[in-house]
Amino acid sequence: MNSHFPEGFEVSTDPTRLDVATIHRWLSEDAYWALGRPREKLERAIAGSLNFGVYDVVSGAQVGYARVITDRATFGWLCDVYIDPTVRGKGLGTALTIAVRDELAPDGLRRIMLATADAHGVYAKVGFRRPASTDTWMVLGEQ
């Protein structure tokens with residue numbers, strides 16, 4: 001799973017490696033889509049998701065995170081993708097997205113979706129594209 005990662009970094013889906021305090025700080029204080037998210041809500045989200053942590057191989061510190069809500073059969077929702085500002089610009093966001101895609105590939109999902117206001121280029125490199133038509137999509141809740 002680490003073949004696309006820049007030297008010195010690795011990805012893992014092992015939930016015991018997650019630094020929940022750091023993830024909570026990143027998302028609740030710096031991620032526009034999750035500002036103010038309570039830790040309890042994050043912990044529930046982690047428990048119900050397939051989680052990906054990015055780690056510095058020397059220090060072991062977590063430097064990135066993503067999670068996927070999926071049935072591992074038909075659908076996945078990629079969300080909460082975050083790379084620590086101190087290591088941005090090294091290709092970790094793209095590498096993390098590739099790791100997610102590759103982990104889910106054997107499941108044969110019909111669709112993996114995400115929402116972003118500012119990182120379309122990162123996801124496009126991995127094959128994500130805007131829907132050809134939004135006529136069939138509906139939303140309940142925030143838009």
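The values are calculated or read from the model by the stated rules, or taken from the named source; none is laboratory data. What you see is a predicted model; the values in this text were computed from it and never measured. Counting neighbours? That spans all protein chains shown, and the Cβs are built from the backbone with ideal geometry, glycine included. Areas reflect the complete protein model, heavy atoms only, side chains present, ligands, DNA and RNA absent. Shrake-Rupley method; radii C 1.70, N 1.55, O 1.52, S 1.80 Å.
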Projected label distance in nm at T86 and R111, using a 7 Å step from Cα toward the beta-carbon:
4.0
Ignoring ligands, DNA and RNA, what percent of the accessible area of the chain is carbon or sulfur (1.4 Å)?
52
Helix-only CD estimate at 222 nm, as mean residue ellipticity for the chain, using -39500 (n - 2.57) per DSSP H run (n ≥ 4):
-7500 deg cm²/dmol
Heavy-atom accessible area per residue of the chain, all protein chains kept, 1.4 Å probe, expressed in Å², is 60
Computed Rg/Rh of the range 9-126, alpha carbon atoms with Kirkwood Rh:
0.93
Please compute the net charge surrounding A45, taking Lys and Arg as +1 and Asp and Glu as -1 over other residues with Cβ under 13 Å from its Cβ.
+2
Taking the Cβ of E7 as the center, what net charge do the other residues with Cβ under 15 Å away carry, scoring Lys and Arg +1 and Asp and Glu -1?
-1
Residues with beta-carbon under 15 Å from that of L35, excluding L35: net charge, scoring Lys, Arg +1 and Asp, Glu -1?
-1
